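Engineer: Quick one: structure below, then a few questions.
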Protein chains: 2
Amino acid sequence: MGYQHWSYETLDRLCMDAFTRFGFTDGQARIITDVLLTSDLYGIESHGMQRMARYHKSIQRGLIRIGAEPEIVFQTPVSAVIDGHAGMGQLIGHRAMTLAIEKAQAAGIGMVSVRNSNHYGIAGYYARMACERGLIGMSCTNSAAIMVPTFGRKAMLGSDPIAVAVPADPYAFIFDASTTVVTRGKLEMYNKEGRPLPEGWAVGRDGRPSTDAADVLACITAKQGGGILPLGGSTEKTGSHKGYGNAMICEILSAVLSLGATSNHTMENGCANISHFFLAMDPALFGDPAAIRAHLSAYLQELRESPKAEGQERIYTHGEKEAAAIRDRMEHGIPVNDNTMLEVQALCSDLEMDFSSYFGDYLPPQSGFRGNSF
Amino acid sequence: MGYQHWSYETLDRLCMDAFTRFGFTDGQARIITDVLLTSDLYGIESHGMQRMARYHKSIQRGLIRIGAEPEIVFQTPVSAVIDGHAGMGQLIGHRAMTLAIEKAQAAGIGMVSVRNSNHYGIAGYYARMACERGLIGMSCTNSAAIMVPTFGRKAMLGSDPIAVAVPADPYAFIFDASTTVVTRGKLEMYNKEGRPLPEGWAVGRDGRPSTDAADVLACITAKQGGGILPLGGSTEKTGSHKGYGNAMICEILSAVLSLGATSNHTMENGCANISHFFLAMDPALFGDPAAIRAHLSAYLQELRESPKAEGQERIYTHGEKEAAAIRDRMEHGIPVNDNTMLEVQALCSDLEMDFSSYFGDYLPPQSGFRGNSF
């Protein structure tokens, strides 16, 4: 299983061409591409352009509706509920966070809960939108059910990532993590790479530990039991109920407040029905934003400089690895898995795009990989 | 190591008498007692009346100042910053959440960040204050540094619990959990009971795994390295950076927004300098509160009824165990550890209170326990 490196510009051109051929406007394609490639630049391959083929299938199946317009169905000066009308998740997410930011700029805080959307990429993208404007940003999303509750064997919650971004120097605090031990995307990457899962990540259909990525993914899709464990693993002794509780907070903010579908009711009746939540908050609600930013920056620096455990050389703060990854990938290119390139090749063929106009003479090696079950 | 069961009324009388002798007014003693005994009723012994002796020492050492008045140093219609002036944490917490609730009732949402306070008991108490008024409640607090960051060996963050309470039937969703694998209180209970810690909870002064509760606690107090691991353990593979990130969110909301002391700077210059955060939010910001409450209640019921893993009989939702514990303890009494009773006996002697007027002929067995290091 190999990786090829491609320049940001090459992948940007590919994504823009593909998304406009999907039927999106140039402006829409720009947003979707930006969300996906930001993920690839961060090194979060699972949520980057590898999702393109999957989005195409979702459009063909009618789960994602081109041309849907997000509708504000309820609002106050500090809050809103949006019905996404099954549009593209990135477009709905971008619209919702833009609204939250506008409310925060006017009233100090803005919160938007969204129902009836689709997969929106990395939660951190939206949190960062607020952070780039000097605000504290937060976003979370539910997903197809993939997490088993503590002591359960059927997936009843999503991967339920929660992202928080707070302005700081030399780089922002950007935390973006699923409330499962790992994401579905990570299982898909293990499946693509044909590797067994580490212990403690997932359970099979009987609720017992499993290391078979393909089987766990198939079980989840078939809703036959099996799923990924909450952060904290399978027992209360290691804090399983805490990851499960964090996921519940995500479900409440996204699906409950918007009266949308909780993760166990997504993907019913031909609708993805994913829910999101967005928050933007002006630190000036608590005093001088510059003093708050300086106070956080000093603490982050203290953390990075604090004594390392034996055998460790570095302590990271959240957002630091991503900042380094962006610099590296803009300079040396973005690594793309050969199996993803096989999917891109097939997509180009479907969309009557010339694969070689992006990738020259490169041809992805054939493999036994039969795709992830969606 | 034995336990005695005592009625709620007995312990309530003891706490009220002790706190008024500490120098608090009846009204203040009522709040402090209510916070502590709520914790004991929940079964969270570590944050209940076993803390009484510790609070007494803190008052004697000047860390907790009787008569301090929390001061609002900054506010907007939806937010405030309070300086606790080193008062009793429960009184400051109660005042701050009351203010957050008032703001939420007027403006939909209220957020209060607090600096210069003391240990405030369980975070869930304050979240529940909002929930009992039909609001969504949230609270978090930092603490003396006890959590090592991922790959670190020196405690730089607190146990940093985050609590969220949301109205639901037949009982509220109440999530209250430290962002460490376990709390310092749990280590203190293991120390009292003389049991080795489970693997994966703590590291010694070199950053390597340790099961010696007394040594870890002593290292933390002496700030010599060593601490409790974040939820997710010691490696990124098990999600250590996620627990660490959740703790950072707590530090930012409490200590950074209030310009208070981050956990690594608490307990300096004779000040505990603990920071808290409180949020109350009206679900009516997102539509019909009754519909939102019904939607959450239905989801909680689905979770409880969902298929169990092999070998498991029950799936809990957050707040369910606590509701059962309250019923049980109001009927059968609250179990109190013999070593805690030894501390209570000494406290009664210090305060010239008659131990037998609460506990009759009972005398706690002497043991080799020499107290937790504070």
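The values are calculated or read from the model by the stated rules, or taken from the named source; none is laboratory data. In this text, all values refer to a predicted model and were calculated from it rather than measured experimentally. All Cβ positions, glycine included, derive from the backbone under ideal geometry; neighbour counts span all protein chains shown.
Engineer: Would you list the strands (runs of 3 or more DSSP E) that sit entirely within region B:1-112 and hold 2 or more residues that are more than 30 Å from A:Gly108 (Cα to Cα), without any contact (Cβ under 8 Å) to a residue 40 or more places away in the chain and acidic (Asp, Glu)?
Structural biologist: Values: elements: B:3-6, B:71-76, B:79-83.
Once the strands (runs of 3 or more DSSP E) in region B:1-112 are filtered for at least 2 residues that are more than 30 Å from A:Gly108 (Cα to Cα), without any contact (Cβ under 8 Å) to a residue 40 or more places away in the chain and acidic (Asp, Glu), nothing remains.
This table checks each residue for (1) touching a residue at least 24 places away in the same chain (Cβ under 8 Å); (2) within 10 Å of chain B (Cβ to nearest Cβ).
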{"residue": "A:Thr238", "(1), (2)": "no, yes"}
{"residue": "A:Gly245", "(1), (2)": "no, yes"}
{"residue": "A:Glu251", "(1), (2)": "yes, yes"}
{"residue": "A:Val256", "(1), (2)": "no, yes"}
{"residue": "A:His265", "(1), (2)": "no, yes"}
{"residue": "A:Asn269", "(1), (2)": "no, no"}
{"residue": "A:Ala272", "(1), (2)": "yes, no"}
{"residue": "A:Met281", "(1), (2)": "yes, yes"}
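Engineer: Checking the structure you have, find out if any residue of region B:42-59 is polar (S, T, N, Q), out of contact with any helix residue (DSSP H, G or I) (no Cβ under 9 Å at 6 or more places or on another chain) and closer than 30 Å to B:Leu351 by Cβ. Walk me through how you get there before you give the answer.
Structural biologist: In the first step, residues of region B:42-59 are kept if they are polar (S, T, N, Q); the result is B:46, B:50, B:58.
Next cut, out of contact with any helix residue (DSSP H, G or I) (no Cβ under 9 Å at 6 or more places or on another chain) only: B:58.
Within this subset, residues satisfying the condition of being closer than 30 Å to B:Leu351 by Cβ are B:58.
Scanning region B:42-59 turns up at least one residue that is polar (S, T, N, Q), out of contact with any helix residue (DSSP H, G or I) (no Cβ under 9 Å at 6 or more places or on another chain) and closer than 30 Å to B:Leu351 by Cβ.
Engineer: Residue by residue through region A:230-247, note down the ones that are in contact with a Pro (Cβ under 9 Å, 6 or more places away or on another chain) and either of a type in the set (A, V, I, L, M, F, W, C) or buried (at least 24 other Cβ atoms within 10 Å of the Cβ) (or both). Show your work before the answer.
Structural biologist: The initial filter retains those residues of region A:230-247 that are in contact with a Pro (Cβ under 9 Å, 6 or more places away or on another chain), namely A:230, A:234, A:237-247.
A:Pro230, A:Thr238, A:Gly239, A:Lys242, A:Gly243, A:Tyr244, A:Gly245, A:Asn246, A:Ala247, listed by residue number.
Engineer: Okay, moving on. Exactly one of these conditions fails for A:Gly233: (1) assigned by TED's automatic domain parsing to the domain that holds A:His265; (2) over 23 Å from the mean Cα position of the chain (by Cα). Give me its number.
Structural biologist: (2) is the only condition that A:Gly233 fails.
Engineer: So which residues in region A:36-48 are of a type in the set (Val, Ile, Thr) and more than 9 Å from the chain's Cα centre (by Cα), if there are any at all? Break it down stepwise before answering.
Structural biologist: So in region A:36-48, the residues of a type in the set (Val, Ile, Thr) come out as A:38, A:44.
Listed by number, the list holds a single entry, A:Thr38.
Engineer: I'd like the full set of residues that are touching a residue at least 60 places away in the same chain (Cβ under 8 Å), touching a helix residue (DSSP H, G or I) at 6+ places or on another chain (Cβ under 7 Å) and either away from every other protein chain (no Cβ under 12 Å) or not in a loop (DSSP other than H, G, I, E, B) (or both), limited to region A:181-208.
Structural biologist: A:Gly185, A:Lys186, A:Glu188, A:Met189, A:Asn191, A:Lys192
Engineer: Further question on the same structure: Surrounded by fewer than 24 Cβ atoms within 10 Å (Cβ to Cβ), within 30 Å of A:Glu302 (Cα to Cα) and either more than 15 Å from the chain's Cα centre (by Cα) or away from every other protein chain (no Cβ under 11 Å) (or both) - does that describe any residue in region A:123-130?
Structural biologist: First pass over region A:123-130, keeping only residues surrounded by fewer than 24 Cβ atoms within 10 Å (Cβ to Cβ): A:128-129.
Keeping just the survivors that are within 30 Å of A:Glu302 (Cα to Cα) gives A:128-129.
Right, trim to either more than 15 Å from the chain's Cα centre (by Cα) or away from every other protein chain (no Cβ under 11 Å) (or both) and you get A:128-129.
Yes, region A:123-130 contains a residue that is surrounded by fewer than 24 Cβ atoms within 10 Å (Cβ to Cβ), within 30 Å of A:Glu302 (Cα to Cα) and either more than 15 Å from the chain's Cα centre (by Cα) or away from every other protein chain (no Cβ under 11 Å) (or both).
Engineer: Looking only at region B:305-320, filter to residues that are within 27 Å of the chain's Cα centre (by Cα) and at the interface with another protein chain (Cβ under 9 Å from one of its Cβ atoms); which one of those is farthest from A:Ser263 (Cα to Cα)? First the steps, then the outcome.
Structural biologist: Quick first cut of region B:305-320, residues within 27 Å of the chain's Cα centre (by Cα) only: B:314-320.
Add one more test, that the residue is at the interface with another protein chain (Cβ under 9 Å from one of its Cβ atoms), and what stays is B:314-318.
Values: B:Arg314: 20, B:Ile315: 17, B:Tyr316: 18, B:Thr317: 16, B:His318: 17 Å.
Residue satisfying both the conditions and the ranking: B:Arg314.
Engineer: A follow-up question, please. Identify, please: which residue in region A:132-158 is away from chain B (no Cβ under 11 Å) and surrounded by fewer than 24 Cβ atoms within 10 Å (Cβ to Cβ) and is, among those, farthest from A:Gly287 (Cα to Cα)?
Structural biologist: Residue satisfying both the conditions and the ranking: A:Ala144.
Engineer: Is region A:263-280 home to any residue that is surrounded by 15 or more Cβ atoms within 10 Å (Cβ to Cβ) and farther than 30 Å from B:Leu296 by Cα?
Structural biologist: No, because not a single residue in region A:263-280 is surrounded by 15 or more Cβ atoms within 10 Å (Cβ to Cβ) and farther than 30 Å from B:Leu296 by Cα.
Engineer: Can you confirm whether A:Gly225 is over 28 Å from A:His94 (Cβ atoms), at pLDDT below 95, within 9 Å of chain B (Cβ to nearest Cβ) and surrounded by 23 or more Cβ atoms within 10 Å (Cβ to Cβ)? Break it down into steps so the answer makes sense when it comes.
Structural biologist: Values: over 28 Å from A:His94 (Cβ atoms): yes; at pLDDT below 95: yes; within 9 Å of chain B (Cβ to nearest Cβ): yes; surrounded by 23 or more Cβ atoms within 10 Å (Cβ to Cβ): no.
No: the conditions fail for A:Gly225.
Engineer: Here's another thing I want to ask about it. Name the one entry in B:Asp288, B:Asp282 that is more than 30 Å from B:Leu157 (Cβ to Cβ), at pLDDT 95 or above and in contact with a Gly (Cβ under 9 Å, 6 or more places away or on another chain).
Structural biologist: Details: B:Asp288 fails: in contact with a Gly (Cβ under 9 Å, 6 or more places away or on another chain).
Of B:Asp288, B:Asp282, the one residue that is more than 30 Å from B:Leu157 (Cβ to Cβ), at pLDDT 95 or above and in contact with a Gly (Cβ under 9 Å, 6 or more places away or on another chain) is B:Asp282.
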